[in-house]
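What follows is one structure encoded as structure tokens, with my remarks underneath.
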Amino acid sequence: MEFLKITTLTQIISEVPKIKNRIYYLAGGTDLFVKIKEGSIQENAMIIDISDLKELKSIKETPAEIIIGALTPFSQIAHSFVINFHAPLLCQAAKSVGSLQIRNRGTLGGNIANASPAGDSLPALFVHDAIIVTLKRRISVHDFFINAKKTVLENGEIIKEIIIPKINMKKKAFFYKSAPREALALSKASLAVLAMVKNKKLEDIKIAAGAVGPTVIRTLRTEQFILRNQINSDVIAKAKNIMISEICPITDICSTDQYRREIIKFYLEEALRNLP
Amino acid sequence: MKKHKTAYKYVGKNIQKIDGLGLSTGKAQFTDDIDLPHMLYAKILFSPHAHALIQKIDVTLARKSKGVHAVLTYQDLPRIAHTTAGQGYPEPSPYDTFILDKKVRFVGDRVAAVAAESEVMAEKALKLIKVRYKVLDKILDPAQALKKNAAIIHDEKEARTVLPINYQPKKNLASEVKIITGDLEKGFKEARHIIEAEYSAHYAAHCCNEPHVVITFLDSSGRLVIRTSTQVPFHVRRIVAERLKLDTGQIRVVKPRIGGGFGSKQEVLVEDICAALTMKTGRPVKLEYTRKEEFISSRTRHPQKIKLRTGVRSDGTLTAIDMNMLMNTGAYGSHALTVACNTGSKVLPLLKCDNIRFHARSVYTNLPVGGAYRGYGATQGYIAMGIQADMIAEKLGMDILDFYKKNHIREGETSPIFKALGEGREGVPQNIESCGLDECIDKGARAIGWYQKREKYKNRKGHIRRGVGMVCLMQGSSIPDIDMGAAFLKMNEDGSFNLLVGATDLGTGSDTILAQMASETLHVDVNKIIVYSSDTDMTPFDVGAYASSTTYLSGQAVIKASQEIKDQILKTASEMMGETISDLYLENSSVKSRISGKKVRFKDIGLYSLYEKNQHQIASIRSHITHKSPPPFAAHFAEVEVDTATGKVNVVNYIAAVECGTAINPKLAEGQTEGAVLNGISYALCEEFIFDKDGRLLNADFSNYKVYMTPDLPGLTTILVQGYSEPTGPYGAKSVSEISINGPVPAISNAIYHACGIRMTHPPFTPQKILSSLKEKLF
Ligand SMILES: Cc1cc2nc3c(=O)[nH]c(=O)nc-3n(C[C@H](O)[C@H](O)[C@H](O)COP(=O)(O)OP(=O)(O)OC[C@H]3O[C@@H](n4cnc5c(N)ncnc54)[C@H](O)[C@@H]3O)c2cc1C
């Protein structure tokens, strides 16, 4: 394993293309060190420490967007006034990550690049139609993940920032996460629901579920069904069934597939009952 | 109930832990905190198979690998059958283990050991060891172990037992006990109701902060020194000597500060192989298990399946108890008999009943090995008894508090179980001489708001339900007529005292409470007592820290030695003062005269005795054995919130009311209780071993084996019920360390029942299980 420390984007642009080895960025290291310990990093890999790359650590705001540097740690996101105003779901998700220590180290970019279906920030990014910006392209979050732990990123392609478009409408947001204990526990299942309301009428709704498929799943059919109908008990029951057909949970050491379905149904019901 | 109030100066006070400052400033040294010149690092190769024969093992490449000084396989070591259980001699566990063997019996069994100049080099060498296994049929379900055609896990001819425990390795039976008191059939005939159910207790890991770790080296005269994280230094010395064919006198075992044991270090597990590597290389060797190795290869709580049947009259009198238990001891029979016995002997005497049958069998499987774990079988037994008591009370329409008050054993009473059920032999009959359980029940009930909440939470609506549940408990204090602890005390010329004890402080605070007892007896401040413990060359014998014995047993040895020193001090003082002993008394580090009012200070006495006249060492060494094991008592109350939509159970409040005789140091007793309760809540709701179909543990790490942490703590209140002095205990003390882990599973299960009407009898009570039980209830 080789090791390189880089502190500016210019250095990334000049140095990285020369490297032929498999590249791993060390941001907070909270996923990477686990992998190193497990022995799942190739012998000839190149570890590039970007933890001091200050250019990627800020939260900025334009009239239409919030721009979050890839290296922003969760503790900063959790307490950002701007994010809490425009994307409270992301704050809630950030607060639920790991423990204080993990939130102080773990970054949003790392959570995305790691591409775990249980990554807690991801459902929030899905319902906000976030855009992931690398040094050479902009990728919609919906096109970013190929499979569990697999993304469209090429070797050495670095995430620079994450853009969250502002929504100028009254919002209602719900984030649920099921975990076996209060801290330091991966989600068995999670659900993010973002509803846009105008004159007490539901204008739009976006729903994304975590840890119930190889990637986070945006459940479009459920969304459309809800939009087409007046919410009542019958519609909620039907929506739950559609939702179940859109996810594909597995049984692993965190949970059974059946429990994951039950919990997602309950979360959806909770959200829909609290919508009006 | 008699209550005693005695004013003590040091006993019953929250004296700061004497090693507290050193520990919290990082000055105190744990086993791993030293590095010796030329030290080698050991690594173990563990079996990937649950049951297999080693057909060929080739270590040529490993031996040649860079930095490697020794590679050991079964071919290099004496083949001596032993048990890893660190118990008294002769151990009541079957001799079925070898340092290394040509057969492996669970995933995690040891195959070979390497010592190299660095851990990395040792790990590299492990990869170069080539093993060809012949995989054998395996047993992963204890219910299959006794079947006719089951694989035989211990077919080696050496497997045997010293005590008669019905050991039948050909049938995978590691031990069996069966006792009957009274007339069971008659008892059930007299019953108005018969209640019957099945319960289980599951695997759990001890999760000490500090893993098993040992450093071995040869001292300047060639003796073997073992510096180890152990609960049983004297047993380590004896057992390692046996296994390596050394004289006991050739070995010195030193116990530094310890980062927790909870029973896992009552196991002589890593010392033998590390010592063998030192003997082979002549070099100091360090062996430290990683967390994963702790999970797969060290010891666990024995899982049990318990069938419990009880008969009860309509007035709540118990007429018959029939407990039938099957225990999974895993691949080896460490503590297989004694944990099983304890499931009966620490549970059945609590509720009075004449007609009792207890039948327990421990069977071998190709799964991780059981061992001592805080609670030691009682934890498992109270799952059955504690939930069943709630079922009985419900059947009778009786409040559970009244049921316990009617039936629990009291001062002056005995139970036939005490005599009938010992450890591999008959037990020791005893009368209860102190019992504050009624007060525990009353105080606990008041603290949790029992009667109001039992009413208020009935018939609640909505998906969040609340409930309260409770359980009563007892444990023991040491093993009667078997355990011995000794203390040596000497006086120095400045009036300080060296207290040398075999007793083993694991972080429990025993050094501190033993010093408090010496202080009290000698009328001297605790900081004048210099404690040194657990060094087989320096301190007298003690069986070690297990069976809730240290305070009760080793404490008495300290008091006896202190009293003898007191006599010697008085004698010397009378010589110095020219007054008769009977006119003298001890106060504030001095001897005073009732007649003349004169006084001499301890430091004058110390100086006088060593340098001035009739020079001699004021010193005493005393031993103590006990003929009783007086139980501490407790009533635990849990208030839970059950989310019937997600199945999540939240413990909102928990009250542990404990009567442990005199609490020598209330803060430390409270600490023991809180630790045990959180340990138990975590076991009740969260901790579990998940195996794949080949017997491999899938969650051998802290990210997947979930242990409750500080944020999961409920509102937790400990009530130490005081004033019940135990006549046979040091300053009236009984034990406190184990009892409270027995409460959470039954108390929480009963609270869940109160909240939403489902009887949970198979912990852990995970959301999945709660949801499916709720579903079953609906249909
Ligand atoms: C104890 C513990 C608890 C945890 N709990 C949670 C939890 O509750 N919820 C949750 O979602 N996660 C949890 N995690 C996982 C982890 O903390 C998060 O995924 C975190 O966001 C990872 O960020 P990092 O900066 O530490 O990534 P790193 O470990 O530094 O990197 C992870 C991966 O991302 C890549 N990478 C990092 N930054 C970039 C970038 N800018 N561009 C391209 N690739 C990049 C790296 O190459 C690497 O492959 C936990 C981890 C631990 C150890």
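The values are calculated or read from the model by the stated rules, or taken from the named source; none is laboratory data. What you see is a predicted model; the values in this text were computed from it and never measured. A quick note on method: Cβ atoms are made from the backbone with ideal geometry, for glycine too, and the neighbour counts reach across all protein chains shown. Accessible surface areas use protein heavy atoms only, side chains included; no ligands, DNA or RNA. Shrake-Rupley method; radii C 1.70, N 1.55, O 1.52, S 1.80 Å.
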query: Would you call B:Ile180 in contact with a helix residue (DSSP H, G or I) (Cβ under 7 Å, 6 or more places away or on another chain), outside any helix (DSSP H, G or I) and not assigned by TED's automatic domain parsing to the domain that holds B:His49?
result: no
- request: Could you tell me whether any residue of the stretch A:29-46 is assigned to a helix (DSSP H, G or I), surrounded by fewer than 16 Cβ atoms within 10 Å (Cβ to Cβ) and away from the ligand (no atom under 12 Å from the Cβ)?
  value: no
- request: Determine which member of the set B:Arg252, B:Arg238, B:Arg243 is touching a helix residue (DSSP H, G or I) at 6+ places or on another chain (Cβ under 9 Å), of a type outside the set (A, V, I, L, M, F, W, C) and assigned to a strand (DSSP E or B).
  value: B:Arg252
- line: Counting only helices (runs of 4 or more DSSP H) entirely within the stretch B:328-418, those with at least 3 residues that are open to solvent by 10 Å² or more (accessible area, probe 1.4 Å) and out of contact with any Phe, Trp or Tyr (no Cβ under 7 Å at 6 or more places or on another chain) are B:378-396, B:400-407
query: Hey, any hits in the stretch B:530-540 for a residue that's more than 16 Å from the chain's Cα centre (by Cα), surrounded by 24 or more Cβ atoms within 10 Å (Cβ to Cβ) and farther than 15 Å from B:Lys255 by Cβ?
result: no
query: All but one of (1) more than 14 Å from chain B (Cβ to nearest Cβ); (2) more than 23 Å from B:Ile464 (Cβ to Cβ); (3) surrounded by fewer than 23 Cβ atoms within 10 Å (Cβ to Cβ) hold for A:Ala237; which doesn't?
result: (2)
Of all residues making up the stretch A:251-268, the number that are out of contact with any strand residue (DSSP E or B) (no Cβ under 6 Å at 6 or more places or on another chain) and either crowded, with 18+ Cβ neighbours inside 10 Å or among the polar types (S, T, N, Q) (or both): 11
message: I'd like the full set of residues that are touching a Lys or Arg at 6+ places or on another chain (Cβ under 8 Å) and either assigned to a strand (DSSP E or B) or open to solvent by 10 Å² or more (accessible area, probe 1.4 Å) (or both), limited to the stretch B:206-226.
response: B:His206, B:Pro211, B:Val213, B:Val214, B:Ile215, B:Thr216, B:Phe217, B:Asp219, B:Arg223, B:Leu224, B:Val225, B:Ile226
- prompt: Do you know which residues across the stretch A:65-92 are of a type in the set (A, V, I, L, M), within 24 Å of A:Ile50 (Cα to Cα) and either in a loop (DSSP other than H, G, I, E, B) or within 15 Å of the ligand (Cβ to nearest atom) (or both)?
  reply: A:Ile67, A:Ile68, A:Ala70, A:Leu71, A:Ile77, A:Ala78, A:Leu90
task: State which residue pairs qualify: first residue under 11 Å from A:Tyr176 (Cα atoms) and away from chain B (no Cβ under 11 Å) and inside the stretch A:261-275, second residue assigned to a helix (DSSP H, G or I) and open to solvent by 10 Å² or more (accessible area, probe 1.4 Å) in any location, beta carbons under 8 Å apart, and separation of 6 or more residues or different chains.
output: A:Leu268/A:Lys240
Search result, residues across the stretch A:112-144 that are outside any loop (DSSP other than H, G, I, E, B), of a type outside the set (Ser, Thr, Tyr) and open to solvent by 30 Å² or more (accessible area, probe 1.4 Å): A:Ala113, A:Ile131, A:Arg138, A:His142, A:Asp143
query: How many residues are within 11 Å of another protein chain (Cβ to nearest Cβ) and closer than 12 Å to B:Leu685 by Cα when one looks only at the stretch B:750-779?
result: 6
- request: Tell me, please, whether a residue that is free of Cβ contacts under 8 Å to residues at least 12 places away in the same chain and not assigned by TED's automatic domain parsing to the domain that holds A:Ala192 can be found in the stretch A:111-127.
  value: no
field: Residue among A:Lys60, A:Lys95 that alone is open to solvent by 20 Å² or more (accessible area, probe 1.4 Å) and within 14 Å of the ligand (Cβ to nearest atom)
entry: A:Lys95
query: How do the pairs read when you match residues in the stretch B:690-716 that are under 18 Å from B:Phe106 (Cβ atoms) and within 9 Å of chain A (Cβ to nearest Cβ) with residues anywhere that are open to solvent by 30 Å² or more (accessible area, probe 1.4 Å) and of a type in the set (Phe, Trp, Tyr), using Cβ under 7 Å and keeping only pairs 6 or more apart or on different chains?
result: B:Leu698/B:Phe691
message: If I filter the stretch A:128-138 for residues that are more than 10 Å from the ligand (Cβ to nearest atom) and touching a helix residue (DSSP H, G or I) at 6+ places or on another chain (Cβ under 6 Å), do I get at least one hit?
response: yes
- request: Considering each residue of the stretch A:157-203, count those that are away from the ligand (no atom under 11 Å from the Cβ), in contact (Cβ under 8 Å) with a residue 24 or more places away in the chain and within 30 Å of A:Thr134 (Cβ to Cβ), and give that number.
  value: 15
